[in-house]
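Reading through the structure tokens given below for one structure.
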Amino acid sequence: MRSLGKFATGATVAALGWALLLPSPHAANAPVGDVEAGKAIAMDRAKGNCIACHMIPGGQSPGTIGPALVAMSSRYPTIEKLHAQIYDSTVANPQSAMPPFGKNRILTEQELNDVTAYIWSL
Amino acid sequence: MNKTILTLAAIGLTLGAAGASQATPQEDQAMFQSYFMKRFPNVPKDDFVNGAYALDPVGRENWEAIEEFPPYETAVSNGEKMWATPFANGKTYADCFPDGPAIAGKYPYWNKDKGTVVTLTMDLNGCREANGEKPLKPETGPMAELNAYIAFESRGQIRKVVIPEDDPRALAAYEKGREFYFTRRGQFNFACVTCHGANSGNQLRSEILSPAFGHTTHWPVYRSKWGEIGGLHRRYKGCNEQVRAKAFEADGEEYRDLEYFMSYMDNGLPLNGPGARK
């Protein structure tokens, strides 16, 4: 049991490692994220800092550079599409001012999933 | 997308394009200036030297209150003392700059002998070295104070940067500066123009992004964030670091060429340094 546990942990670490190395880890499965953790990341200057550019309901002193983050599940057909946009918005629009949060490793994969879950909930 | 946005992008898009289709610096400058004047039709041309305060009445009011007792005043008077204090050999800056101290309007310029863009701080350090003194750090400390005095004495001079046509290296330096301006860099993938072109006037959190036009006229600046005076290249370094890119050396080739491009874009504007900013 003990060795199996070890093996499972090792496999998880390996899978995470692979996820970080792959160019588009968002493509395969629907991201599973924590909405509350995502909210903290979205408001944190050193992390997502979404509020610096986007109006977010309930957020203080929002920027005006990007569109307001409202009704997201009606603006994006799937959560994967939203995830892809946060991962690297220059794919959809090369002129996009938004930093590529996933591609440039500004956020970890888990943070990206959390923030995606939060934005999707808006 | 409106037409003016396309126009500014066009300056960037001429980058690396076939020589025949490349805009001249004069064409770049006309496009650049008209882009910002169309984007902010209520801002008089000369008011672009005031950056975000040209756009934001509340910020301007606070800033004008600060200017009542300018935070750069100490720097100006320290700089004035430096200007007048003889070097160990008895000479002064005035021996190097007979037209001085109101010389800011001559910079930056193309030096054909050296084959580089020369900034004011480079010539001031050159003067020091010719007189047996050590050069100073260009973007901060005593050099920024000396620069503040020179800027203060030069107020009202008109920006008139020249790209001499008899030396193709001058045009190449300008083009490198332009390329720098439009190149995305750093973990955040921002070019200078990302924030200060099509997003100028927008708010980054509660800060209004200043338009690129007029960015070079008011240096050095007493920045509240720094709590002291600093030069344009210090701000360049800070900008590069903010987008999580590598900062370059003050007075190094990258920033010299960038200053050359940006100053050329500001031709025709009055100089108003030193400045005070948040």
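The values are calculated or read from the model by the stated rules, or taken from the named source; none is laboratory data. None of the values given here were measured: they were computed from a predicted structure. All Cβ positions, even for glycine, are placed from backbone atoms using ideal geometry, and neighbour counts span all protein chains on display. SASA here: full protein model, heavy atoms, side chains in, ligands and nucleic acids out. Shrake-Rupley method; radii C 1.70, N 1.55, O 1.52, S 1.80 Å.
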| Hey, any idea what % of region A:31-121's accessible area is carbon plus sulfur with a 1.4 Å probe? | 56
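I need the trypsin sites (Lys or Arg not before Pro) found in region A:35-122, filtered to DSSP loop residues with at most 11 other beta carbons within 10 Å of theirs. Display every interim value, and only then the final one.
Details: sites: A:Lys39, A:Arg45, A:Lys47, A:Arg75, A:Lys81, A:Lys103, A:Arg105; in loops: A:Arg45, A:Lys47, A:Lys103, A:Arg105.
Sparse-neighbourhood loop trypsin sites (Lys or Arg not before Pro): A:Arg45.
Quick one: compute the contact order of chain B, relative version, from alpha carbon pairs under 8 angstrom and 6+ residues apart, as a percent. Mind showing how you got there, number by number?
Details: 458 pairs, mean separation 70.3, N = 278.
Once normalised by length, the contact order is 25 percent.
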| remark: Heavy-atom accessible surface buried between B and A, both sides counted, 1.4 angstrom probe, nearest 100 Å², is 1400
| task | Restricting things to alpha carbons, find the Rg to Rh ratio for region A:31-121 using the Kirkwood radius for Rh. | result | 0.91
| query | Counting Lys and Arg as +1 and Asp and Glu as -1, each charge on the Cβ, what is the dipole of region A:79-122 about the Cα centre in debye, to the nearest 20? | reply | 140
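Classify chain B from the C-alpha gyration tensor, please: rounded if a/c falls under 1.5, else prolate or oblate depending on whether a/b exceeds b/c. Could the numbers behind the result be given before it?
Working: a/c = 1.79, a/b = 1.27, b/c = 1.41.
Note, shape of chain B comes out oblate.
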| Considering chain B as a Gaussian network with a 10 Å cut-off on Cα pairs, which listed residue, B:Lys112, B:Lys45, B:Lys225, attains the greatest mean-square fluctuation? | B:Lys225
| request: Output the lone cysteines of chain B: those with no second cysteine's C-beta under 4.7 Å from their C-beta. | output: B:Cys192, B:Cys195, B:Cys239
| field | Portion, in percent, of the accessible area of region B:225-278 that falls on carbon or sulfur, probe 1.4 Å | value | 47
| query | Using the beta-carbon distance between B:Glu64 and A:Ser96 and R0 = 30 Å, what value does 1/(1 + (r/R0)^6) give for FRET efficiency, to the nearest 0.05? | reply | 0.25
| field | In degrees, nearest ten, helix B:232-242 long axis to first principal axis of chain B (Cα) | value | 50
| query | So which of B:Lys176/B:Lys237; B:Lys45/B:Lys160; B:Lys81/B:Lys114; A:Lys47/B:Lys137 end up more than 22 Å apart, counting from Cα to Cα? | reply | B:Lys81/B:Lys114; A:Lys47/B:Lys137
| query | Per residue, how much accessible area does region B:118-242 have with a 1.4 Å probe, in Å²? | reply | 41
| said: Using the basic label-point model (7 angstrom from Cα toward the beta carbon), what is the A:Ala40 to B:Leu204 distance in nanometres? | reply: 2.6
| the protein assembly as shown, dipole about Cα centre (Lys/Arg Cβ +1, Asp/Glu Cβ -1), debye to the nearest 20 | 1060
| task | Starting from the Kirkwood radius over alpha-carbon pairs of the protein assembly as shown, derive D by Stokes-Einstein at 37 °C in a medium of 0.692 mPa s and give it in µm² s⁻¹. | result | 140
| query | Between region A:72-122 and region B:243-257, how many Å separate their Cα centres? | reply | 31
| query | For the Cα atoms of chain B, what angle does the longest principal axis make with the long axis of helix B:73-84, in degrees from 0 to 90, nearest 10? | reply | 50
| chain B: angle of helix B:3-13 to the longest principal axis, Cα-based, in degrees nearest 10 | 60
| field | Residues losing 20 Å² or more accessible surface upon assembly, region B:168-217, compared with the chain by itself, 1.4 Å | value | B:Arg184, B:Gln187, B:Phe188, B:Asn189, B:Phe190, B:Asn199, B:Asn202, B:Gln203, B:Leu204, B:Arg205
| said: With every protein chain left in place and a probe of 1.4 Å, what is the accessible surface of A:Ile65, to the nearest 10 Å²? | reply: 40
| note | With all protein chains in place and a 1.4 Å probe, A:Thr64 shows an accessible area in Å² (nearest 10) of 70
| note | With the charge dipole of chain B built from beta-carbon charges (+1 for Lys and Arg, -1 for Asp and Glu) about the Cα centre, the Cα from B:Gln157, B:Pro270, B:Phe48 projecting farthest to the positive end belongs to B:Phe48
| With chain B treated as a Gaussian network of Cα nodes joined by springs under 10 Å, which of B:Ala65, B:Ala198, B:Ala247 yields the largest mean-square fluctuation? | B:Ala65
